[in-house]
Amino acid sequence: SIWNGGLAIFGGILAGFATAIFVAKKKKIRLPILLDVLSPSVMIGQIVGRWGNFMNAEAYGSETTVPWRMGIKRISAGGLYTQSIEVHPTFLYESLWNLIGFTLIAIFYKKKKFNGQVFYFYMIWYGLGRAVIEGLRSDSLYIAGNEHLRVSQILAALVCIAGIILMIRGYAKLKKAAGI
């Protein structure tokens, strides 16, 4: 029922990753090379995509009094009343975080030391930012109703950790190949 919501970025990223694996096998392209090429585009898509959350007044943060807060209106289920609240603009936080990440990828891309490194950086950068920003959101999906275990926050942390492990592994292989 994607027309009623339910389409999350992690599902899109996983579908894209599965498609990349399929394309890499079909076209005989090394997967780390393909993922490095795709990472900047995915980051741009996430930068722009978060503005859709703004347009739909969704994926916003908890109520706040910070100077850069965003005012939104909540309409009751029956449309009987409207309530204005001021919240963290988490869509903006994530969009700006991803813009910085994209800029770093653009600078870093030409200096990469091994295939997959850009993708691993993407994993670390996006995972870290999303894990922190998800903690500010008010519409998270929780594991088994536990208000402390947010699905996207845990997934983001796992993506970040996996990226760190893969990055370390990549550098270790590079050192081994250089005889260091």
Would you be able to tell me the number of residues in the stretch 123-175 that are in contact with a Leu (Cβ under 7 Å, 6 or more places away or on another chain) and over 20 Å from Q46 (Cβ atoms)?
2
Testing I133 on (1) closer than 19 Å to T64 by Cα; (2) open to solvent by 60 Å² or more (accessible area, probe 1.4 Å); (3) part of a helix (DSSP H, G or I), one condition comes back false. Which one is that?
(2)
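Against the condition touching a Ser or Thr at 6+ places or on another chain (Cβ under 7 Å) and assigned to a helix (DSSP H, G or I), how does F119 come out, does it pass? Explain how you work it out, then say what you get.
Working: touching a Ser or Thr at 6+ places or on another chain (Cβ under 7 Å): yes; assigned to a helix (DSSP H, G or I): yes.
Considered against the rule, which asks whether it is touching a Ser or Thr at 6+ places or on another chain (Cβ under 7 Å) and assigned to a helix (DSSP H, G or I), F119 comes out as yes.
Looking only at residues that are of a type in the set (A, V, I, L, M, F, W, C) and assigned to a loop (DSSP other than H, G, I, E, B) in the stretch 74-85, which one is surrounded by the most Cβ atoms within 10 Å (Cβ to Cβ)? Break it down stepwise before answering.
So in the stretch 74-85, the residues of a type in the set (A, V, I, L, M, F, W, C) come out as 75, 77, 80, 85.
Applying the additional criterion that residues be assigned to a loop (DSSP other than H, G, I, E, B) yields 77, 80.
Details: A77: 5, L80: 7.
Per the criteria, the residue is L80.
A quick yes/no check of all residues on (1) free of Cβ contacts under 8 Å to residues at least 12 places away in the same chain; (2) assigned to a loop (DSSP other than H, G, I, E, B):
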{"site": "L14", "(1), (2)": "yes, no"}
{"site": "W51", "(1), (2)": "no, no"}
{"site": "F54", "(1), (2)": "no, no"}
{"site": "A57", "(1), (2)": "no, yes"}
{"site": "P67", "(1), (2)": "yes, yes"}
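Name the one entry in G45, G49, G71 that is open to solvent by 30 Å² or more (accessible area, probe 1.4 Å), within 12 Å of the chain's Cα centre (by Cα), of a type in the set (G, A, S) and over 30 Å from L174 (Cβ atoms). Steps first, answer last, please.
On the way: G45 fails: over 30 Å from L174 (Cβ atoms); G71 fails: within 12 Å of the chain's Cα centre (by Cα).
Answer to the selection: G49.
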Contacts under 8 angstrom Cβ, first residue in the stretch 142-167 being surrounded by 13 or more Cβ atoms within 10 Å (Cβ to Cβ), partner modelled with pLDDT under 80 and small (G, A, S), 6 or more apart
R150/S140; V151/S140; S152/A8; S152/S140; Q153/S140
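With respect to A106, is the statement that it is over 22 Å from G49 (Cα atoms) and either assigned to a loop (DSSP other than H, G, I, E, B) or open to solvent by less than 70 Å² (accessible area, probe 1.4 Å) (or both) true?
Working: over 22 Å from G49 (Cα atoms): no; either assigned to a loop (DSSP other than H, G, I, E, B) or open to solvent by less than 70 Å² (accessible area, probe 1.4 Å) (or both): yes.
Answer is no for this residue.
The values are calculated or read from the model by the stated rules, or taken from the named source; none is laboratory data. Computed from a predicted model, the values in this text were never measured in an experiment. Note: ideal-geometry Cβ built from the backbone for every residue, glycine included; neighbour counts use all protein chains shown. Side chains are part of the model used for accessible areas, which takes the heavy atoms of the whole protein and leaves out ligands, DNA and RNA. Shrake-Rupley method; radii C 1.70, N 1.55, O 1.52, S 1.80 Å.
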